[in-house]
Structure formats: C-alpha cells, structure tokens
Amino acid sequence: MFILELTYTAPLERIDALLPAHVAWLEQHYANGTFLASGRKVPRDGGVIIAVAENRDAIEALAATDPFAQAGATACRITEFVPTTTGPELSPYCESLPA
C-alpha cells in the first residue's frame, strides 16, 4: 500500500485551473481499484492519496501521469507501507510482515 503526498509547487490559481483534469484522473483510478481514499491537506498546500499497486515502480509511473505532476504544479512524496492492521472496510488489503 502507498501514501502519495502531493505538495503544491504552483500558485492555487494554477492548481484550480488543473483541478478538473486531476479529479478525472482520480476518478479513473478509483474506478480501477487503485485508489482507496484521497483529499486535500489542511492547510491547503497539497493533498494525500492512499493507493494500492503491485510495486513501487508501478505507483511511481502512475503518479507521473497525474495532470498536476505533468504540469509541474506538484511534488509527490511516495511512502510504501505494509498494512498489518485495518478496519473492516480495508481488510482485503491487510498483509503479514515478511519473515
């Protein structure tokens, strides 16, 4: 599982102009099951996406397709973690630690 932390590198006016394309990108990846949750950070200086992917290379490639990233309007920090405990809704993503 991955946390994508987006940090705006462009003024909010530029972010707002790109927002419809970014939302369409989010919707596409919710529909295919890659994204589990997302939203704005508070204060509004970026956003967070919780995602699943086969490996880090796949999630890095996916993050590069974000319209925000393609426009150079955000920086993206990717954190991979092993979800060993989840709520019932996320139980399909629960993993065991490697031996």
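Restricting attention to the stretch 37-61, the residues being buried (at least 16 other Cβ atoms within 10 Å of the Cβ) and of a type outside the set (G, A, S) number 4.
Counting only residues that are of a type in the set (D, E), in a helix (DSSP H, G or I) and over 11 Å from the mean Cα position of the chain (by Cα), the stretch 20-61 holds 2 of them. Hey, any hits in the stretch 89-98 for a residue that's of a type in the set (F, W, Y), at negative phi and under 15 Å from the mean Cα position of the chain (by Cα)? So far as the stretch 89-98 goes, no, none of its residues is of a type in the set (F, W, Y), at negative phi and under 15 Å from the mean Cα position of the chain (by Cα).
Just the residues that are polar (S, T, N, Q) and under 12 Å from the mean Cα position of the chain (by Cα), please, taken from the stretch 75-88. Once the filter is applied, which keeps residues that are polar (S, T, N, Q) and under 12 Å from the mean Cα position of the chain (by Cα), the stretch 75-88 yields only T79.
State all residues of the stretch 62-99 that are in a helix (DSSP H, G or I), surrounded by fewer than 11 Cβ atoms within 10 Å (Cβ to Cβ) and polar (S, T, N, Q); if no residue qualifies, say none. Within the stretch 62-99, S91 is the sole residue that qualifies.
Among the residues of the stretch 2-19, those identified as outside any helix (DSSP H, G or I), farther than 30 Å from T84 by Cβ and touching a strand residue (DSSP E or B) at 6+ places or on another chain (Cβ under 6 Å) are Y8, T9.
Computed from the coordinates by the stated procedures, all read-outs in this text should not be read as laboratory data. Predicted, not measured: the structure shown is a model, and the values here were computed from it. Note that each Cβ is placed from the backbone with ideal geometry, even for glycine, and that neighbours are counted across all protein chains shown.
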